[in-house]
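Right, one structure below, let's go through it.
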Amino acid sequence: MAVALDTSAAPPAKTAETMSISPGLRSASPVLILLGLGFLAPLITVAAYAFAAPKSFDVFRSFTLENFAAIFDPQNTVWTSFVWSLIFAFLTVVLLAVIAYPIAYGMNRMFGKWAGFVSVLFVFPLFVSENVRLYGWVLFFIKNGVLDGALKWLGFAGGPEVLYTPGAILFGMLYVYLPFMLFPMSLGIAMIPRDLVDAARDLGASRLMIWREVELPLAMPGILIGMLLTFVLGAGAVAESKILGGQSIITIAQDIEVAFTYAQNWPLGSALALILVAIVSGLALYVLSKLDLDRILGRR
Amino acid sequence: MTLATAAAIEATPVPEGAGHVATKPVLQLVGVKKVFGEFAAVDGINVDFKEGEFVSIVGPSGSGKTTLLRMLAGMESPSEGYITLRGNLINDVPADQRPTCLVFQSLALFPHKTVGENIEFPLKVRKMPPAERKERALELMRMVRLPESYYGKNVMRCSGGEKQRVALARAFAYDPDVLFFDEPLSALDYKLKKALEKELKDLHRESGKTFVYITHSLEEAMVMSDRVGVMSRGRIAQIGTPEEIYTKPVNRFVAEFFGEVNSFEVTERVGGWTTADGTVLTVSGVPDGVSGKATVIVRPETMRFVPAGSSADNTISGVIYNEYSLGSRMQYQVHAGERIFLVEASRTASGGLSAGDAVTIGWDAADAIVVGD
């Protein structure tokens, strides 16, 4: 006791021991170095480029807000790309939530504890490159393609002209991002104990009431993670609009890509990327702050 | 047949508030069977549950008690037979439309809701206004002895005993005609379990509801119940008051369900009931219809030491092999040749006996139980 009092009263002595790195920090260092080099450094570089002189590579040497000024210039229509990207991301999230919930629910009812495994099967297409899969759909929808050709062969007037429309882009996004919604959602639904549903029913609750009061709140963590994943991915989507949309709509990711490649204006691309990161993370953090996961999970 | 039963029940008027054990059957099971493939999990059960009664159904795992409970609660439909509630056939009435409520073994509390919200759930289902709901919830919390401050507490932060009370209050909020319990006390430690058993019985008395309690512990059933039904292989082996089950078990299964007993398989010979080694036992109270073969059961607590100079109807000489303390009482393992007997005695009555002592043990014919095979 007396010893403890002594040390607290005196200023901590800077012995060799306190100077050395704690075991926890040492153990974490490989991950810290990896994250620092692979994640933080590129992010800092992008942020630095955003403030570099336009159409230059004077990163860390120049500082200017010209890139942002150009983006926020009323003459510049780049904001439409932001709007399109966010609208498509939002529609993807909402539609996927509606589409994936019944699938995830059905799988859990049908396959029970195997549902996780079955939803991995849904992830299988991810092993094939996204572009290849999207070109597959082009072949399906294109004039004289699978759909159109088959309908004509059957004597119909031919397939609808859906390719290169915003609808086709949305379809492509739903198709590509379904597994990212389904997998976490399925895990979320699997977390609902059977007893709770039985108990709610025993207490007189209708099917709708059980869903609203018990199943949905308990599956919420999984649903939220799925929504967050698909929103972040959807906001950065580019292949769908290029391949299925035939560039009928330019997404913000495409603008960024063009700035970095074709236009060779890295500072402008970086500034656009930085704004996108700010919007997406801002929205995500806002939604997460509104929803208390611990409360939903009953840990508090 | 069902209609006749229904009419019979309707015709039996029972005055309101006739005391906590009335005679009117609130729930009736007639030849109830549940078959899964080839296997009859419940194989023909007939029981009447009277209004306000506390009945326990006891059985080892696999005896069909859980299947029976699921049928009673409306989560399974019987394959055969009739379940009637206040005279109405409810075989296929789903759980949400039955005026019955099950307290789950897991309690099945909603983890994302507070204590208050859990209790109010059935009231919310009935669209009771929030203010009224809260009033009723607080009333129920008082009834199950939960402090009012728990109303807004997250239910997962309650202790095991408190969760038990929340589950009970929620069941009472539903205001069911019959409450079913699927051994909700099994996960609790011994001391808390004992306290809650008594509390549950008090609550039963105060509420006047009909309780049907499923458990594998006969001890638990005995403490609380007006009647106990012992299940074995899908059937009710015996149903009666705890006293009847204890003193007049109908077969060896029921007798042995209480725990260790001394049993003698006897056959009827010219000299009387004779054991395998040829000893003729003095036996009384052989039930009607038992002949040829029977089992004589002597509970460790009715087996006693017979000191020199005193006598008992039946005696056996042996040696004390070991002794076990049961608290206020002692249990002795006595070896007599090949056989092992258990004798229970108070510490004072058995004074000074210890392992290795040669003793005579015995019992009076009236203390033994004779059951057929």
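Could you grab me the full set of residues in segment B:149-172 that are hydrophobic (A, V, I, L, M, F, W, C) and within 25 Å of the chain's Cα centre (by Cα)?
B:VAL166, B:ALA167, B:LEU168, B:ALA169, B:ALA171, B:PHE172
Are there any helices (runs of 4 or more DSSP H) wholly within segment A:199-300 with 1 or more residues that are touching a residue at least 24 places away in the same chain (Cβ under 8 Å), more than 14 Å from chain B (Cβ to nearest Cβ) and surrounded by 17 or more Cβ atoms within 10 Å (Cβ to Cβ), and if so which?
Where helices (runs of 4 or more DSSP H) fall fully within segment A:199-300 and carry at least 1 residues being touching a residue at least 24 places away in the same chain (Cβ under 8 Å), more than 14 Å from chain B (Cβ to nearest Cβ) and surrounded by 17 or more Cβ atoms within 10 Å (Cβ to Cβ), they are A:216-235, A:239-243, A:252-260, A:266-290.
Out of segment B:176-203, which residues are hydrophobic (A, V, I, L, M, F, W, C), in contact with a strand residue (DSSP E or B) (Cβ under 7 Å, 6 or more places away or on another chain) and surrounded by fewer than 18 Cβ atoms within 10 Å (Cβ to Cβ)?
Result: no residue meets the conditions.
Would you mention how many residues in segment A:70-112 are farther than 25 Å from A:SER241 by Cα and touching a residue at least 12 places away in the same chain (Cβ under 8 Å)?
The total comes to 6.
Kindly evaluate A:VAL98 against the criterion of being surrounded by fewer than 15 Cβ atoms within 10 Å (Cβ to Cβ), assigned by TED's automatic domain parsing to the domain that holds A:LEU244 and either under 24 Å from A:ALA190 (Cβ atoms) or of a type in the set (Ser, Thr, Tyr) (or both). Lay out the reasoning, then the answer.
Details: surrounded by fewer than 15 Cβ atoms within 10 Å (Cβ to Cβ): yes; assigned by TED's automatic domain parsing to the domain that holds A:LEU244: yes; either under 24 Å from A:ALA190 (Cβ atoms) or of a type in the set (Ser, Thr, Tyr) (or both): yes.
In short, yes.
Just one of A:PHE171, A:PHE183 is of a type in the set (Phe, Trp, Tyr), at pLDDT below 90 and either in contact with a Pro (Cβ under 6 Å, 6 or more places away or on another chain) or closer than 30 Å to A:PHE117 by Cβ (or both); which is it?
One residue alone meets the criteria, A:PHE183.
Just name the residue that is farthest from B:THR215 (Cα to Cα) out of those in segment B:21-80 that are acidic (Asp, Glu) and within 21 Å of the chain's Cα centre (by Cα).
B:GLU51
Counting only residues that are under 13 Å from A:ASP198 (Cβ atoms) and assigned to a helix (DSSP H, G or I), which one in segment B:65-80 is nearest to the other protein chains (Cβ to nearest Cβ)?
B:ALA73
Quick check on segment B:115-137: of everything there that is in contact with a Gly (Cβ under 9 Å, 6 or more places away or on another chain) and surrounded by fewer than 18 Cβ atoms within 10 Å (Cβ to Cβ), which residue is nearest to the other protein chains (Cβ to nearest Cβ)?
Within segment B:115-137, the match that is nearest to the other protein chains (Cβ to nearest Cβ) is B:ARG126.
Give me the pairs, please: first residue somewhere in segment A:156-174 and under 15 Å from A:ALA89 (Cβ atoms), second residue anywhere and assigned to a loop (DSSP other than H, G, I, E, B), beta-carbon distance under 6 Å, and either six or more positions apart or on two chains.
These pairs meet every condition: A:PRO166/A:ILE249; A:ILE169/A:LEU244; A:ILE169/A:GLY245; A:GLY172/A:LEU244; A:MET173/A:ALA237.
Please enumerate the residues belonging to segment B:268-309 that are farther than 17 Å from B:ASN251 by Cβ, among the charged types (D, E, K, R) and part of a strand (DSSP E or B).
Scanning segment B:268-309 gives B:GLU268, B:ARG269, B:ARG304.
Just one of the numbered conditions (1) surrounded by fewer than 21 Cβ atoms within 10 Å (Cβ to Cβ); (2) modelled with pLDDT of 90 or more; (3) more than 28 Å from B:PHE258 (Cα to Cα) is not true of B:GLY31; which one?
B:GLY31 satisfies every listed condition except (3).
Testing B:SER106 on (1) surrounded by fewer than 20 Cβ atoms within 10 Å (Cβ to Cβ); (2) over 30 Å from B:GLU148 (Cβ atoms), one condition comes back false. Which one is that?
(2)
The values are calculated or read from the model by the stated rules, or taken from the named source; none is laboratory data. Just so it is clear, the model here is predicted, and its values are computed rather than measured. All Cβ positions, glycine included, derive from the backbone under ideal geometry; neighbour counts span all protein chains shown.
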